[in-house]
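Values quoted throughout were computed directly from the atomic coordinates according to the rules given, and no laboratory measurement underlies them. Note that the structure is predicted; figures quoted are calculated from it, not measured. FYI the Cβ positions are ideal-geometry reconstructions off the backbone, even for glycines, and counts take in every protein chain you see.
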Amino acid sequence: MPRQVNHHVFVIEREFTHAPSLVFFAWSDAEARRHWFSGPADWVAGEQVADFRVGGLEISEGGPKDGFVSRYEARILEIVPDERIIIAFMMSVDGVPITASLATAEFKPGDYGTLLRYTEQIAFLDGHDHMPQRIEGTEAMFDAFEVYLETPKSES
């Protein structure tokens, strides 16, 4: 059977009641990301790598106990502090690549704080099209990000 690729683009915009510098920090800081960039609460975490710099590697792996293993592996292509992050990443399930993406997160002053615009150009590989689930999963990630931003942080 010939291999195939199907291309899609989606954009998610959210406005947060915080300054762009704080939203950018929460998106880019390894410790902050640990709190919101993961799978569902019942997932078991696997390998985690966070090297936030141009050319840096980011890995987030995990899945349900005794279930599949989902792996996100990214390279950071560009960082414009407090304004923009561009990454290229692959998603795989049980070692099988299912998508390749180029994603841009833009942090812009908004009416009430920060407008975060996330654009993902995605290639679904070899019949693994699941656009509605991908958007749903990305929206859930944004929901977790918003909860993190709104949760008071302890002063230590």
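Here are the numbers:
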quantity: For the chain, size of Cβ-based charge dipole, Lys and Arg +1, Asp and Glu -1, in debye; calculated: 300 debye
quantity: Pairwise FRET efficiency - Q133 versus E31, Cβ, R0 = 22 Å, nearest 0.05; calculated: 0.15
quantity: Structure-based [θ]222 nm, the chain - -39500 (n - 2.57) summed over DSSP H runs of at least 4, per residue, nearest 500; calculated: -7000 deg cm²/dmol
quantity: Helix 131-150 axis, angle to the chain major axis (alpha carbon atoms, nearest 10°); calculated: 30 degrees
quantity: Pair V44, E83: separation of 7 Å Cα→Cβ label points (nm); calculated: 4.5 nm
